[in-house]
Structures are given as C-alpha cells and as structure tokens.
There are 2 protein chains.
Amino acid sequence: LRIDDLDLDGSGARVDELADQGAAVLTPAHQFPLGMALAAQRRNQAVAWARSSGGLLVEDDYDGEFRYDRAALGAMQALAPDQVAFAGTASKSLAPGLRLSWLVVPPAWLDDVVEAKRLADRFTGVFDQLALADLIDSGGYDRHIRRCRLVYRRRRDRLVAALARRAPDVTVAGLAAGLHALLELPARLLEVDAVRGAGARGLAVEGLSAYAVAPSETRSALVVGYATPPEHAFTTALARLCAALAA
Amino acid sequence: LRIDDLDLDGSGARVDELADQGAAVLTPAHQFPLGMALAAQRRNQAVAWARSSGGLLVEDDYDGEFRYDRAALGAMQALAPDQVAFAGTASKSLAPGLRLSWLVVPPAWLDDVVEAKRLADRFTGVFDQLALADLIDSGGYDRHIRRCRLVYRRRRDRLVAALARRAPDVTVAGLAAGLHALLELPARLLEVDAVRGAGARGLAVEGLSAYAVAPSETRSALVVGYATPPEHAFTTALARLCAALAA
C-alpha cells in the first residue's frame with residue numbers, strides 16, 4: 001500500500017489533503033509526538049471526506065482517556081458509524097503488557113476484520129479479557145481512569161511550573177491531553193545535546209527528530225513522557241530534567 | 001506458497017515424499033485426526049531430509065505431553081537444532097483460551113521470526129507469560145501434566161472398555177497419545193448417521209471426512225475427544241456415545 005503522510009498544523013492533521021487514499025488513520029485526542037488535538041472542524045471535515053469518497057476512517061482514540069483542560073469531544077465514529085472504525089486500547093490506561101485493545105468496526109467491514117484477526121492469532125487471551133470486563137462492569141475501570149487523570153494532570157502541571165522556573169526559555173506544548181509533552185528548545189541548546197544531557201542524568205527522553213518524516217525540517221524539541229517514572233521517582237526525575245535544560 | 005499434503009500410513013507421515021518443498025510441518029507425537037505417532041525411523045528420515053535439502057522442519061509437539069503407552073521420544077529439534085523449529089503449546093495442557101505457545105527457532109531464522117511476531121502483534125501479553133513462568137519454576141506445571149496424563153489415560157481406557165462391551169465391531173485407533181481417539185465404524189453404521197446419532201444425544205463429535213483432503217477416500221470413522229467433558233459429565237457422555245454406536 002502507498003502511505004501518504006498528512007501535514008500538521010495547530011489544529012492537527014491537515015485532513016483537507018485527503019483525496020483518493022481509500023483509508024485514513026487519525027489520532028484525534030492527541031497527535032504523537034506533537035501533542036495537538038484534532039480540532040472539531042477537522043473532525044467534521046474528515047467525516048465528510050469518508051462519506052463522499054467512500055473511504056475508511058480509522059479513529060485511533062489513543063490517549064482519549066487523558067484529556068485535561070477541555071470537555072471530551074464525541075467520537076467521529078458516532079457521527080458516521082458506517083465510515084469510521086474506532087480503536088481504543090488499555091495500553092495507556094492499564095499496561096501495554098496486557099495487549100488488550102478494541103475496535104468498533106463499520107458493519108460492512110466486520111466479517112473481513114474478524115477473519116483477519118482469526119488468521120493472525122485466532123483470538124486474544126480470554127482470561128485477561130474476562131478480568132477487564134469485570135473491571136469495567138464493577139465501575140473500577142472508570143474510577144482508575146479518573147484517579148490516573150488527576151495524577152497525570154498534577155505531574156504535567158509540576159513539569160510546566162518547574163521548567164518555567166529553571167528553564168523559562170523552553171516552550172512546553174502538546175499539553176491538553178495524553179502522557180507526554182513536547183519541550184521546544186531555545187537556540188542555546190541543540191536537541192542532540194539536550195538528549196545527551198538528560199541521558200547522562202539517567203533520563204530516557206527522545207528528540208523530536210527521531211519521529212520526523214523529514215528530520216531536517218523539524219523544530220528542535222524533546223518528547224518527554226511524564227507518566228513513566230513511578231510516583232516516588234518523579235520529583236527526582238523532574239529535577240534532573242530541569243538540570244539538563246537549565247541555562 | 002504451494003502446500004503439499006504428505007500421505008500417511010501406520011508409521012505416520014510419509015516423509016520419504018519430501019523433496020524440494022523448502023519446509024515441512026510434522027506433528028510427531030500425534031497425527032490429528034488419525035492419531036498415529038511418527039515412527040523413530042521416520043523422524044530420522046525427516047531430519048536427514050532437512051539436512052540434505054537445507055529445508056526447515058517444523059516439529060509441532062502438539063499433544064507431546066500426553067503420551068501414554070511408550071517412553072517419550074526425544075525431540076527432532078535436539079538432533080538438528082539448525083534445521084528444526086520446535087513448537088509447543090499450553091492450549092492442550094492448560095487452556096486454549098490462554099493463547100500461550102512457544103517456539104525454539106534455528107539461529108539463522110531467529111531474527112526473521114522475531115520480526116514477524118513484532119509485526120503481527122508486537123508481543124504476547126506478559127501477565128499470562130509471567131504466571132506460566134512461575135507455574136513452571138515452582139514445579140506446579142509438571143505436577144499438573146502428570147495428574148492430567150493419568151486422568152486422560154483413565155478416560156481413554158474407560159472409552160475402550162465401554163466400546164468393547166457395547167459396540168465391539170467399532171475399532172478404536174490412535175490411542176498412544178493425545179486427547180482424542182479415532183473410532184472406525186463397521187459397515188452397518190454410516191459416518192453421517194453416527195455423527196447425527198451422537199448429536200441427538202447431546203454429543204459434539206465429528207466425522208473423519210470433515211478433515212479429509214479427499215473425503216471420498218477416507219475410512220468411515222468418528223473423531224472423539226475424551227478430554228473435553230468435565231469430570232462429573234464423563235460417565236454420562238460415555239454412555240450416550242455407546243448408545244449412539246451400539247448395534
């Protein structure tokens with residue numbers, strides 16, 4: 001298959017670039033690694049594209065549980081259930097090691113998707129599925145998400161406050177949702193040096209160029225996941241990050 | 001890929017038919033559905049084919065834990081670790097719903113197999129893997145296998161004894177290993193009628209023709225799994241099977 005990359009701006013993926021691609025994958029809650037959400041108007045545009053072209057829209061609701069500063073937006077899938085496949089995952093909310101995710105598939109695609117899954121691995125382990133179903137039915141999953149959202153939001157706010165004090169010329173972006181932030185670096189700090197400085201302090205962060213389609217065109221920035229360190233290690237990790245980025 | 005079927009005789013797959021196929025899949029412990037083991041000489045022949053042709057031999061040790069009447073044979077993989085990939089599974093010993101199995105891969109194939117797995121589903125759920133590792137380390141898995149082997153062997157013996165009393169013209173085959181038997185039917189009983197008669201008594205058994213490459217050439221027989229009914233239901237299931245097959 002030919003794969004086209006959509007350009008990005010502050011409103012998310014430039015879905016107006018969609019033409020005859022046949023299918024489009026979008027992550028409306030949070031673009032990785034830049035972190036912006038897909039604007040409401042873009043969502044409508046994407047659905048209109050799917051309707052008029054007959055294309056399949058894959059709505060990857062990755063990070064959809066972790067929206068902080070704005071009301072949750074409805075799923076595109078609800079707008080056009082015959083054109084949109086909705087994908088969610090427990091990898092962010094529970095653990096990537098669980099390997100549990102879910103798809104809501106347009107009726108016309110369902111048989112083919114079920115058959116592809118059967119050929120790939122027959123089916124997913126039932127014990128983990130039953131445990132997750134119990135967790136959802138009991139309300140425990142929702143409580144867990146709410147608790148995590150609060151914890152991660154506090155971490156995000158601490159990250160922003162600490163950088164404002166220690167490295168005020170670093171711009172923090174992509175904060176409205178998700179578990180990572182984009183730290184745009186000032187001219188005094190090369191991306192490669194910032195990654196190396198963080199690494200020397202025991203932090204595994206990545207440069208934005210590692211994710212770029214055309215690395216020479218990207219801004220100089222770090223992609224920092226703030227959900228990863230265990231609770232007792234977060235304060236130390238934050239201090240080390242600030243030390244690596246301070247002027 | 002072109003797929004060739006190997007013929008079968010009492011010693012298992014006719015591995016002397018192997019030529020330039022490139023790869024061969026064998027189930028040495030137990031052929032499904034006919035139930036014979038692959039004779040020691042055939043194993044040696046298969047390994048010799050892999051060595052001389054450079055082909056890959058896949059040793060699917062399905063049912064390998066459930067051998068009843070003879071000493072365990074060593075794995076072909078141990079004879080030629082560079083030519084043989086060994087596959088085992090917890091689907092028979094624990095539960096198919098676990099979706100856990102394992103591969104011992106020739107070193108030259110390892111990178112490609114790991115990459116194919118990564119592309120298929122990244123990795124298998126770690127919680128089930130950790131639980132299985134604990135069960136193996138503790139010796140509990142071996143104890144479980146020994147206990148199950150005894151239980152299944154008793155069921156098998158009860159099946160043979162009951163049929164000898166109630167339907168002595170039914171020939172029971174494929175009993176040396178595994179969790180199913182092949183019941184070869186006398187001329188008085190059409191396979192389709194035997195399947196229907198068992199079904200009418202609440203038993204899900206299959207006719208051998210359901211598995212045949214060329215259905216018209218198969219013997220008239222039933223494939224009967226004796227590990228499936230829960231312990232409290234086995235006696236009833238056995239009585240119903242005998243009633244369905246009795247003259």
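Figures for the structure shown
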item	result
Residue selected from the range B:69-104 under the condition within 15 Å of the chain's Cα centre (by Cα) and not in a loop (DSSP other than H, G, I, E, B), by the criterion nearest to the other protein chains (Cβ to nearest Cβ)	B:Pro96
Residues (surrounded by 15 or more Cβ atoms within 10 Å (Cβ to Cβ) and within 23 Å of the chain's Cα centre (by Cα)) located in the range B:130-143	B:Leu132, B:Tyr141
Matching residues in the range B:188-245 - criterion: being among the charged types (D, E, K, R) and farther than 25 Å from B:Arg147 by Cβ	B:Arg188, B:Glu191, B:Asp193, B:Arg196, B:Arg201, B:Glu206, B:Glu217, B:Arg219, B:Arg240
Within the range B:65-84, considering residues that are free of Cβ contacts under 8 Å to residues at least 60 places away in the same chain and under 30 Å from B:Tyr226 (Cβ atoms), the one surrounded by the fewest Cβ atoms within 10 Å (Cβ to Cβ)	B:Ala71
Qualifying residue in the range A:121-139 (condition: assigned to a loop (DSSP other than H, G, I, E, B), away from chain B (no Cβ under 14 Å) and at positive phi)	yes
Members of the range A:140-167 found to be over 30 Å from A:Ala247 (Cβ atoms) and either touching a Ser or Thr at 6+ places or on another chain (Cβ under 9 Å) or within 14 Å of chain B (Cβ to nearest Cβ) (or both), listed by number	A:Tyr141, A:His144, A:Ile145, A:Cys148
Residue in the range A:105-120 that is nearest to the other protein chains (Cβ to nearest Cβ), counting only those that are in contact with an Asp or Glu (Cβ under 8 Å, 6 or more places away or on another chain) and under 23 Å from A:Ala80 (Cα atoms)	A:Pro106
Subset of the range B:185-233 [among the charged types (D, E, K, R) and within 16 Å of B:Pro33 (Cα to Cα)]	B:Glu191, B:Glu206, B:Glu217, B:Arg219
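Coordinate-derived values only; no laboratory data. Small disclaimer: the values here were computed from a predicted structure and weren't measured. As a convention, Cβ positions derive from the backbone with ideal geometry for all residues, glycine included, and neighbour counts pool all protein chains shown.
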